[in-house]
Amino acid sequence: MQIFFSKRCPLFHRKLKLVHKILYTNGTWAYFCTIITTLVFLFVPFNSLVFGYHPVAFSYEFALAATLYLPMNFALMNYVRHPRHLKGQWLAQISNHILTFTYMKAVFNTLL
């Protein structure tokens with residue numbers, strides 16, 4: 001995080017191509033993507049249920065496609081030969097929710 005927000009950040013080097021700039025900062029982008037996606041997936045349903053505000057409108061076709069896609073995606077991503085190995089996959093998914101707040105704290109502390 002400190003390199004990303006400093007003058008030594010690869011994004012500011014003129015000699016690097018755009019692809020190299022993005023790839024050199026790939027590890028830092030992962031933190032930002034985790035923060036954004038986790039918060040969006042938490043607050044969009046929360047706003048819909050609590051406040052009645054629906055920021056995303058779905059058609060019937062999209063709902064059907066998402067309903068079919070999500071179980072197939074879950075089955076492919078979490079394929080294990082033994083059910084006891086599924087615990088590790090579940091813990092990895094839960095860690096994104098827990099680490100989101102840690103990543104946000106790191107970003108704020110670096111900016112301060």
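The values are calculated or read from the model by the stated rules, or taken from the named source; none is laboratory data. In this text the structure is predicted, and so the values were computed from the model without any measurement. Here the Cβ is made from the backbone with ideal geometry for all residues, glycine too, and neighbour counts use every protein chain on show. Please note that ligands, DNA and RNA were not included when accessible areas were found on the heavy atoms of the full protein model with its side chains. Shrake-Rupley method; radii C 1.70, N 1.55, O 1.52, S 1.80 Å.
Any idea what the dipole of the chain comes to, in debye rounded to 20, about its Cα centre with Lys/Arg Cβ at +1 and Asp/Glu Cβ at -1?
Numbers: 10 positive and 1 negative charges, 151 e Å.
Computed charge dipole of the chain: roughly 720 debye.
For R8, R14, give me the order by solvent-accessible area with a 1.4 Å probe, most accessible first, ignoring ligands, DNA and RNA.
From most accessible down to least: R14, R8.
Ordering V44, V56 by accessible area with a probe of 1.4 Å, largest first, what comes out? All intermediate terms of the calculation are to be shown ahead of the outcome.
Details: V44 45, V56 70 Å².
Output order, biggest surface exposure first: V56, V44.
Hand me the tally of lysine pairs in the chain: alpha carbons under 26 angstrom apart, and the pair either on different chains or 8 or more positions apart.
For the chain, qualifying lysine pairs total 5.
Using a 1.4 Å probe, what is the accessible area per residue for the range 24-112, in Å²?
Numbers: 7410 Å² over 89 residues.
Accessible area per residue: 83 Å².
Given an 8 Å cut-off on Cα distances and at least 6 residues of separation, report the relative contact order of the chain as a percent.
Details: 43 pairs, mean separation 39.5, N = 112.
Relative CO of the chain lands at 35 percent.
Let me know the shape class of the range 21-112, please: from the alpha-carbon gyration tensor, a ≥ b ≥ c as square roots of the eigenvalues, rounded when a/c is under 1.5, otherwise prolate if a/b is greater than b/c, or oblate.
Here the range 21-112 falls in the oblate category.
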